[in-house]
Amino acid sequence: MTMGMATREKTSRKGKQVVADDREPLLPTRQEEKDGGGFDEFDGASFAGAVFNLSTTIVGAGIMALPATMKVLGLVPGVLMILFVALLTEASIDMLIRFSRAGKIVTYGGVVGDAFGNFGRVLLQSCVVINNVGVLIVYMIIIGDVLSGTSSSGDHHSGILEGWFGSQWWNARFFVLLVTTLAVFSPLACFKRVDSLSYTSALSVALAVLFVVITAGIAIVKMVGGSIPMPRLFPDVTDLSSFWKLFTVVPVVVTAYICHYNVHTVDNELEDSSQIKPIVRTSLGLCSAVYVATSFFGFLLFGDGTLDDVLANFDSDLGIAYGSFLNDVVRVSYVAHLMLVFPIVFFALRLNVDGLLFPTSRPICMDNRRFALVTAALIILIFSGANFIPSIWDAFQFTGATAAVAIGFIFPAAITLRDSQGIATRWDKILSVFMIVLAVLSNAIAIYSDADSIFHKGGGSPRA
């Protein structure tokens, strides 16, 4: 390795010798758990559990923005773009896995460090921290908005609890988020293995599927009743302005599959590490199906009235029997979905924060005091950001877009172009150049769009 770090050998579950970086925040293998006595014997994560954990990492709040991409692109280009980015994501993850195997490295940071030294590792971990802190704060903001309501846009939108019980002290935003943090986020954040979250991840995916089923059911009922037309199949380009608008959806789709920061963690816990590629393909296939169905039926249901966040469309009259009840089911299930996505994203955040602050220490899961302190500090930071810093969303609109495309495409492509292991093919390098160009274009569009929204239209946080 070119990082100039001390290394240690460890035995994988299949008896292979791999080199682990002492400065990376790794989870111990089964053998290390036995030797260290820190945990009960762990037989390795299952295929299904790994698929659910990786799928939950992918399907977060971004699912609600996808139907609006259909409004801009039309159904045919929109669906094709979703599938294309899924294939591109699989290629970028495959690059990471191949270079990890070639270098016998077991972390994303280690692969970047092997190619670009300690500076590259720190830069990657910083991007993960920035991205994940921003994502988790936004999740908490959305949860507060949906449950307690918001007046950020000037007009008050009642939350679910306020609509059910009226305005009470116990359904105020701060109290609701405090209870959610103490009763849901904190317990789930205390697991030391990502496989321990496989059941909550499975439930999270099931809730995303529930949203698709409800949306599809409503759309089909209204279509049979003749109250909604067939949606546009292709974009409506009439002038230069409408042409440029097509590019504004690129950042939404390009960042829809970001899960790279959890791939190695999932891989390290597998009983059979050769399963990681089928797991990645299965997860991307599952998420693609959910994304395509959400986009199709969401756009079919609301047409040109589809909002940037389709959840906001479920805050109005659906025009069918039990519409109000279905609105509440959709919003409650979405909030529950985000609550269960939170710990899987938090898991990667904690590992990378620990790697930045304590690069030479033993794995954080083997040090209970450090584990508790880092966990508590991060939860307090996220809770404070969601409650006490009103403008924090504006900042994360810029940093989040940059960090996400760097994690998903720029770093894997840069590793391949650097080719420290000498295994990259000509096609790998061509694809890497394309990934970097797409990532830079996506980031530039996102920053321009966000700046225009903030400074010219007075845009704010994504309130539901």
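The values are calculated or read from the model by the stated rules, or taken from the named source; none is laboratory data. Given the structure is predicted, the values throughout are model-derived calculations rather than measurements. Cβ placement follows ideal geometry from the backbone for every residue including glycine, while neighbour counts extend to all protein chains displayed. Heads up: the accessible areas ignore ligands, DNA and RNA and are worked out on the full protein's heavy atoms, side chains in. Shrake-Rupley method; radii C 1.70, N 1.55, O 1.52, S 1.80 Å.
Report, to the nearest whole %, how much of the accessible area of region 46-113 belongs to carbon and sulfur atoms, 1.4 Å probe, protein only.
Of the solvent-accessible surface of region 46-113, carbon and sulfur hold 76 percent.
Could you order peptides 370-381, 108-119 by the average number of other Cβ atoms within 10 Å of their residues, highest first? Display every interim value, and only then the final one.
Numbers: 370-381: 15.6, 108-119: 23.6.
Top of the packing list down: 108-119, 370-381.
How would K104, K192 line up by accessible area, probe 1.4 Å, largest first?
Reading off the accessible areas and sorting them downward yields K104, K192.
Remind me, relative contact order of region 119-246 in percent, using alpha carbon pairs under 8 angstrom and six or more residues apart?
About 12 percent, as a whole number.
Within region 47-454, count lysine pairs with alpha carbon atoms under 26 angstrom apart where the residues are 8 or more positions apart or belong to different chains.
7
Distance from the Cα centre of region 250-310 to that of region 130-200, in angstrom?
23 Å
What distance in nm separates the simple spin-label points at S227 and N368, each placed 7 Å from Cα in the Cβ direction?
Placing both labels 7 Å along Cα→Cβ, they lie 5.8 nm apart.
Separation between the F325 and S126 pseudo-spin-labels, each 7 Å from Cα along Cα→Cβ, expressed in nm?
The modelled label-to-label distance comes out at 5.4 nm.
With no solvent and one equal point scatterer per Cα, compute the Debye intensity ratio I(q)/I(0) for region 98-254 at 0.13 Å⁻¹ and report its log10, rounded to two decimals.
-1.11
Please state, to two decimals, what the Cα-based radius of gyration of region 47-454 comes to when divided by 2.2 N^0.38 Å (N = residues).
Rg over 2.2 N^0.38 Å, computed on Cα atoms: 0.98.
Which Rg and Dmax, in Å, describe the Cα atoms of region 174-229?
18.0, 52
So, for region 47-454, what is the accessible surface per residue at a probe of 1.4 Å, expressed in square angstrom? Present the calculation step by step, with values, prior to reporting the outcome.
Values: 16020 Å² over 408 residues.
For region 47-454, the solvent-accessible area averages 39 Å² per residue.
Could you work out the relative contact order of region 77-127, using alpha carbon pairs under 8 angstrom and six or more residues apart, expressed as a whole percent?
20 percent
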